[in-house]
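Quick notes on the structure that follows.
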């Protein structure tokens, strides 16, 4: 498949559509609503949001293809030589209703400058309100399968990168059970641009079947008010990560991006209780103990 | 009164206590719970939190007096020449239950370096979920009275500073109806250190009677579920400001401060609905129209 920017972008647009179709089928009730928007500086996007479903309380699947000129600050921060850019990708965050269904995030993206510089980036990570080890293992094993087809070193490298990226320093907690994260991926002596693009496509295609399996398994589990309270506290941590640390959110807000598309990642509601301490040895404390870097979720 | 750092700190500690007593009296049900904490690098604080009262859902009144060495990054960012610091102050955020009672914030603080450099800073601002013009005028007139006793230029200067500081650029909204904000205040040809300290004390003493008046007037107003929903959306904006822009929050998180004391400013719950648009001409739309810089609230 061609790696021209128009075709990469068109593939991402189709990926957005396919994922929305899969998520609607899994939910069985709510439908995505669509907003098409234009970016004043060039390009635009198609934001799709699902709300108040059977399984999903609030979720967004965003496609965008934007172009224009980067500010001097950003050119400096990225260490690049040209300021005429093109960027396209799909970005997803889903907040489920049932506390035993994890939050999921995926982003796959392509960036190109007028001088021909380009790179791919992406990531996918799972944030269970309650860590269920079987789900974490399934999730990581699916990511490892996608990675291993392209490079035996990818999974381990990108898994560690996700551990470092999806981390909340002030809480000394990982956001969830991690996943993979990669950036500035481009051709080298062992891989062509097409190889890299095929890998990014494989990551994108892993999303729907992997998440549907986990949602389907847990969406009808019974839960209590105290499970909901804990879900909302964990959502509060998600808000902390996205607003304080997430680079995509910062970049979007600083470059005057479409706020409602950027902040669709925030949950419908989130809670903060002062100095909340879970009961020792309860399911909440067990989850906290697993929110650490370096867990090997993919072997056996 | 002396302006030695120990005495400034002791006055702040007493201010915290007095404000807690006043707020408990206004609430009539909940009592503050206290956590004393030590900072690994030196000093500590006394955090007091009120929860689930008649009037207040969650509020914190924090006193701290910390000392130690600033990192090179912070020394550079502050443009100072010494890294041995002492900092003391009181910091308050109150989230009421009734949507017609505004959120309030105050911070008064003193900072000193080993080389004798010092400054005072502070601010107080009001964030109504529904702007009631009479309350905004009362609030600003009380701040103007406190300022005018010390310098005829203070109110106007510090009011504009608050308009600029308590602003959410990505929403193009002020956080609320503003108040006053000042920083790096020290003696000059017209004022002694004692003059400045007296001003900061006057600001601190304005808090309790001013907020009690506004709480007392509104706390029994009837409200609907849709008023509560709007309250939670406005709380979402408060979370966005505090996590993305607030300098005190950033400083605290970056210097490994006590997270639960820093983030006691966050509400018990907050909401984000995708692309929420208030009804035209309703109370919510009227509030949004008033969340702009430059409103003159102090001249009748």
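The table that follows gives values for the structure above.
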item: Within the stretch B:38-47, tally of residues that are loosely packed, with under 15 Cβ neighbours inside 10 Å and either in contact with a helix residue (DSSP H, G or I) (Cβ under 9 Å, 6 or more places away or on another chain) or assigned to a loop (DSSP other than H, G, I, E, B) (or both); result: 3
item: Scan of the stretch B:111-145 for residues that are touching a residue at least 40 places away in the same chain (Cβ under 8 Å) and within 19 Å of residue B:186 (Cβ to Cβ), ordered by number; result: B:112, B:118, B:119, B:120, B:121, B:122, B:123
item: Tally, over the stretch B:48-80, of residues that are away from chain A (no Cβ under 14 Å) and either within 18 Å of the chain's Cα centre (by Cα) or under 16 Å from residue B:15 (Cα atoms) (or both); result: 3
item: Residue B:296 surrounded by fewer than 20 Cβ atoms within 10 Å (Cβ to Cβ), in a loop (DSSP other than H, G, I, E, B) and facing chain A (nearest Cβ under 9 Å); result: no
item: Residue within the stretch A:191-202 that is part of a helix (DSSP H, G or I), closer than 21 Å to residue A:164 by Cα and away from chain B (no Cβ under 14 Å) present; result: yes
item: Scope the stretch A:242-282; condition more than 19 Å from residue A:104 (Cα to Cα), more than 7 Å from chain B (Cβ to nearest Cβ) and assigned to a loop (DSSP other than H, G, I, E, B); matching residues; result: A:255, A:256, A:257, A:258, A:276, A:277, A:278, A:279, A:280, A:281, A:282
item: Identity of the residue in the stretch A:261-281, touching a strand residue (DSSP E or B) at 6+ places or on another chain (Cβ under 7 Å) and touching a residue at least 40 places away in the same chain (Cβ under 8 Å), that ends up nearest to residue A:44 (Cα to Cα); result: A:261
item: Conditions (1) within 29 Å of residue B:147 (Cα to Cα); (2) crowded, with 21+ Cβ neighbours inside 10 Å; number of the one not met by residue B:272; result: (1)
item: Hey, residue A:182 within 19 Å of the chain's Cα centre (by Cα) and either part of a strand (DSSP E or B) or more than 14 Å from every other protein chain (Cβ to nearest Cβ) (or both) or not; result: yes
item: Enumeration of residues in the stretch A:172-205 that are crowded, with 17+ Cβ neighbours inside 10 Å and farther than 22 Å from residue A:112 by Cβ; result: A:173, A:174, A:175, A:176, A:177, A:178, A:179, A:180
item: Helices (runs of 4 or more DSSP H) lying entirely in the stretch A:48-165 (those with 2 or more residues that are buried (at least 16 other Cβ atoms within 10 Å of the Cβ) and touching a helix residue (DSSP H, G or I) at 6+ places or on another chain (Cβ under 6 Å)); result: A:133-148, A:154-165
item: Residue check, residue B:28 out of contact with any strand residue (DSSP E or B) (no Cβ under 8 Å at 6 or more places or on another chain) and within 14 Å of chain A (Cβ to nearest Cβ); result: no
item: Residue that is in contact with a strand residue (DSSP E or B) (Cβ under 6 Å, 6 or more places away or on another chain) and more than 8 Å from chain B (Cβ to nearest Cβ), where the choices are A:228, A:291; result: A:291
item: Residue selected from the stretch A:166-179 under the condition within 14 Å of chain B (Cβ to nearest Cβ) and in a loop (DSSP other than H, G, I, E, B), by the criterion nearest to residue A:236 (Cα to Cα); result: A:171
item: Checking residue B:205 against (1) over 15 Å from the mean Cα position of the chain (by Cα); (2) modelled with pLDDT of 95 or more, the condition it does not meet; result: (1)
item: Which listed residue is touching a residue at least 40 places away in the same chain (Cβ under 8 Å) and closer than 20 Å to residue A:89 by Cβ, from A:201, A:221, A:229; result: A:201
item: Residue in the stretch A:2-14 that is under 17 Å from residue A:211 (Cα atoms) and buried (at least 23 other Cβ atoms within 10 Å of the Cβ) present; result: no
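Yes/no matrix, rows are residues, columns are (1) surrounded by fewer than 18 Cβ atoms within 10 Å (Cβ to Cβ); (2) touching a helix residue (DSSP H, G or I) at 6+ places or on another chain (Cβ under 6 Å); (3) in a loop (DSSP other than H, G, I, E, B):
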{"residue": "A:216", "(1), (2), (3)": "yes, no, no"}
{"residue": "A:239", "(1), (2), (3)": "no, no, no"}
{"residue": "A:284", "(1), (2), (3)": "no, yes, no"}
{"residue": "A:288", "(1), (2), (3)": "yes, no, no"}
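The values are calculated or read from the model by the stated rules, or taken from the named source; none is laboratory data. Predicted model, so just to flag it, every value in this text is computed and none were measured. Note that we place each Cβ from the backbone using ideal geometry, even for glycine, and neighbour counts take in every protein chain shown.
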